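The values are calculated or read from the model by the stated rules, or taken from the named source; none is laboratory data. Because the structure is a prediction, the values reported are computed rather than measured. Glycine also receives a Cβ, built like all others from the backbone with ideal geometry; neighbour counts cover every protein chain displayed. Side chains are part of the model used for accessible areas, which takes the heavy atoms of the whole protein and leaves out ligands, DNA and RNA. Shrake-Rupley method; radii C 1.70, N 1.55, O 1.52, S 1.80 Å.
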Amino acid sequence: MGATSDGDRPWESYQTVYTNAKAGMDGVDKEKVQRVIYEMSKGSKYFENEQRKEAIVKQRIERMRAQCAKLTAKDIAQFQMIADKRILELESSRDLSKIWVHSDMDAFYAAVETLENPSLKGKPLAVGGKSMICTANYEVCTEIWCSCCYAGFIALKLCPNLVFVPTNFDKYMNYSEKTRKVFRGYDPNFIATSLDEAYLNITTICKDRCVSSQEVAEELRNAIYEETGLTCSVGVAPNRLLAKVCSDINKPNGQFILPNERKAILTFISSLPIRKIGGIGKVTEHILRDVLGINTCEEMLKKSAYLCGLFSPCSIDFFLSVGLGVGNTDTQFRLRKSISSERTFSSTEDQSLIFKKMEEIAETLSNDMQKESLFGRTLTLKLKTTSFEVKTRATSLQKYIQSKEDIFSHATKLLKAELPLSVRLIGLRMSHFCVGTPHSADPMQKTLSADNRALLSRTQEEVVLWINDYMCSLCGCELPPSFVEERQEHSDYHLAEMLQKESVDNFGKPTQGSNPVQKSPCVGRSARKRRNKSAHNDGKHIPSIVFSNEVRKSDARNMYHMSGFFSMPDWM
DNA sequence: GGGCGAGGAACGT
DNA sequence: TTCCAACGTTCCTCGCCC
């Protein structure tokens, strides 16, 4: 942004239009696009809110610059030592033994619509509505720079021939399932991150069949095409962070293979813009660029001392990993931490209507929770006001809830405290789960004591059977073998429950003072607490001691890996 | 005064 | 003429408690 930007060319400073140009869009007149979006957005409430958010980011940048300026030579030397040590540790954790594939369907929703209605072929197509489009095909991309993230009416202005098709998620899920059928043939434990994206570990298949990753990638793309009639792009690399970047390089209908060699990775990373990395979005890019002048992944290492001086250890680890091209190579199981439902509608102040909307959302959320046997004890109400300001109000309850009535009742209390109000979105979120046991009412109860654990351990192997080494035979709770501690607590729970029942059967009432557990610890509380503690403390300040590899690994994993199934950044 | 948890905001896809 | 999502996680701040 130049000094004159806000004068003659105000659109240049409108951050909303900063976006990650995709492959095949080099010929687009970016300035025209940026100008049109600015002109059409200007003056709207949405625009005003964007300006407000931008001002906050700018303030943050100023604060960080001031923080930087305060660093003495001694501070910087100290931070450099910490950074260098950490870089060495990350380097030693580099795993080049795995071959990961990231598969990304090309303009998925638009491609499905075109496949089912060939008359759309060759036309610029947007899936969605005038308010927001989900996906556009490549005909649109070559005209207006970006395949999505536009309001429909703006896209229409930029591309007057644009044809709109409403979304049909059942259709997309059907095609997505077809792609997953193919993925299973290459990696039964593949990780789906959305309807159209997945990670596959093809190490074994390459080894067993004595074929190159290039051949497998090609075969996979052909198999997807044969099964669905749709094309995809794939990236092959030693870890998921890099595979994701690689899949974007030869899009659409292409592939890019990054060899499992350190030198090749460092060369690849050296000039890679940071925005290409999953997990670095508009704001992070803006901050790194304007505070530290970091534009490429390589520069993360050059500015490592300053990164250590400004960011939390979790963030530092991520940034340094990006600089080294180190990413996660394990297939890890992730547990959901929250579930939510939200709806946007025309702004209203009508309280009866607002409560009606909230009741509908409570019902949807309750249904979703029932499908996954989830009971939560923290309820968060989200409100987006007419001026696009987002507020959240949360409450933690004395018992785990799931029913629509319970959710609505507690949400009502939260909402009443905010009235009167003019809103355009209401959302409800439940978190702090207890999975699978409707009678686990009191979150304050204790888990098994050490004595009880010793007493019970002898027989617990006989209590819980893990179906497919994965699902609890007694309650259906899903825990993979790697969750050793969580499984232990889960077994303890069922055994205690069984013994308690026996006690009742034998004596007519529960043994006094021995009510060891009434909560199904699918997510072990002790483990969770430790993870939270670790992450929390780390977020506060940067310790002057050098981090241990083990601690940092668990923290970084905590940061993202335990996240939801579909919105997890892919770099870990 | 430090640990800890809750709540709210920010961020990313 | 006017229209800009849905979902999930992490980060940061604040206040309580020992």
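Things worth noting here:
- Qualifying positions in segment A:310-327 - among the aromatic types (Phe, Trp, Tyr) and assigned to a helix (DSSP H, G or I): A:Phe318, A:Phe319
- Check on A:Ser347, of a type in the set (S, T, N, Q) and farther than 24 Å from A:Glu48 by Cβ: no
- Any pair with Cβ under 7 angstrom, 6 or more apart, that starts in segment A:44-56 at a residue that is part of a helix (DSSP H, G or I) and ends at one that is away from DNA strand B (no atom under 15 Å from the Cβ): A:Lys45/A:Thr386; A:Phe47/A:Ser41
- Some residue of segment A:125-146 being out of contact with any helix residue (DSSP H, G or I) (no Cβ under 8 Å at 6 or more places or on another chain) and exposed (fewer than 14 other Cβ atoms within 10 Å of the Cβ): no
- Residue check, A:Phe153 open to solvent by 60 Å² or more (accessible area, probe 1.4 Å), under 25 Å from A:Glu39 (Cβ atoms) and out of contact with any Pro (no Cβ under 9 Å at 6 or more places or on another chain): yes
- Counted residues, segment A:62-111 - those being among the polar types (S, T, N, Q) and over 25 Å from A:Thr331 (Cβ atoms): 4
- Scanning segment A:372-386 for residues that are more than 11 Å from DNA strand C (Cβ to nearest atom) and open to solvent by 20 Å² or more (accessible area, probe 1.4 Å) yields A:Ser373, A:Phe375, A:Arg377.
- Count - residues of segment A:53-80 that are within 16 Å of DNA strand B (Cβ to nearest atom), in contact with a helix residue (DSSP H, G or I) (Cβ under 8 Å, 6 or more places away or on another chain) and open to solvent by less than 80 Å² (accessible area, probe 1.4 Å): 4
- Among the residues of segment A:116-144, just one is out of contact with any Phe, Trp or Tyr (no Cβ under 8 Å at 6 or more places or on another chain) and closer than 23 Å to A:Phe183 by Cβ, namely A:Glu116.
- The single condition among (1) within 16 Å of DNA strand B (Cβ to nearest atom); (2) at pLDDT 80 or above; (3) in a loop (DSSP other than H, G, I, E, B); (4) polar (S, T, N, Q) that A:Ser147 does not meet is (2).
- Restricting the first member to segment A:243-259 and to residues that are farther than 20 Å from A:Asn222 by Cβ and in the same structural domain as A:Tyr225 (by TED's automatic domain parsing), and the second to residues that are of a type outside the set (Gly, Ala, Ser) and part of a loop (DSSP other than H, G, I, E, B), the beta-carbon pairs closer than 6 Å and six or more apart or on different chains are A:Lys244/A:Asp570.
- First in segment A:280-291 and assigned by TED's automatic domain parsing to the domain that holds A:Asp317 and β-branched (Val, Ile, Thr), second anywhere and within 9 Å of DNA strand B (Cβ to nearest atom) and open to solvent by 20 Å² or more (accessible area, probe 1.4 Å), Cβ under 9 Å, 6 or more apart: A:Ile280/A:Pro569; A:Val283/A:Lys53; A:Val283/A:Val57; A:Val283/A:Arg60; A:Thr284/A:Arg275; A:Ile287/A:Val57; A:Ile287/A:Arg60; A:Val291/A:Arg60
- Scanning segment A:227-246 for residues that are part of a loop (DSSP other than H, G, I, E, B) and open to solvent by 20 Å² or more (accessible area, probe 1.4 Å) returns A:Gly229, A:Thr231.
- Of all residues in segment A:387-414, those satisfying the criterion of being within 30 Å of A:Gln51 (Cα to Cα) and open to solvent by 40 Å² or more (accessible area, probe 1.4 Å) are A:Ser387, A:Glu389, A:Val390, A:Lys391, A:Thr392, A:Arg393, A:Ala394.
- Exactly one residue out of A:Ile249, A:Ile205 is open to solvent by 10 Å² or more (accessible area, probe 1.4 Å), in a helix (DSSP H, G or I) and of a type in the set (A, V, I, L, M, F, W, C): that is A:Ile205.
- Tally of residues being in a helix (DSSP H, G or I) and either polar (S, T, N, Q) or open to solvent by less than 70 Å² (accessible area, probe 1.4 Å) (or both) across segment A:328-358: 7
- Set side by side, the residues A:Leu324, A:Leu266 differ, and just one is open to solvent by 30 Å² or more (accessible area, probe 1.4 Å) and either away from DNA strand C (no atom under 16 Å from the Cβ) or more than 21 Å from A:Ala77 (Cα to Cα) (or both), which is A:Leu266.
- Meets criteria (within 30 Å of A:Tyr38 (Cα to Cα) and either open to solvent by 40 Å² or more (accessible area, probe 1.4 Å) or in the same structural domain as A:Gly254 (by TED's automatic domain parsing) (or both)) for A:Ala192: no
- All of A:Phe345, A:Phe318 fail the test of being within 15 Å of DNA strand B (Cβ to nearest atom) and out of contact with any Phe, Trp or Tyr (no Cβ under 6 Å at 6 or more places or on another chain), apart from A:Phe318.
- Filter pass, A:Ile287 being assigned to a helix (DSSP H, G or I), of a type in the set (A, V, I, L, M), within 16 Å of DNA strand C (Cβ to nearest atom) and at pLDDT below 90: yes
- Among the residues of segment A:400-420, those identified as outside any helix (DSSP H, G or I) and away from DNA strand B (no atom under 13 Å from the Cβ) are A:Ile401, A:Gln402, A:Ser403, A:Leu419, A:Pro420.
- Selection from segment A:41-51 of residues that are at pLDDT below 75 and surrounded by fewer than 16 Cβ atoms within 10 Å (Cβ to Cβ): A:Lys42, A:Gly43
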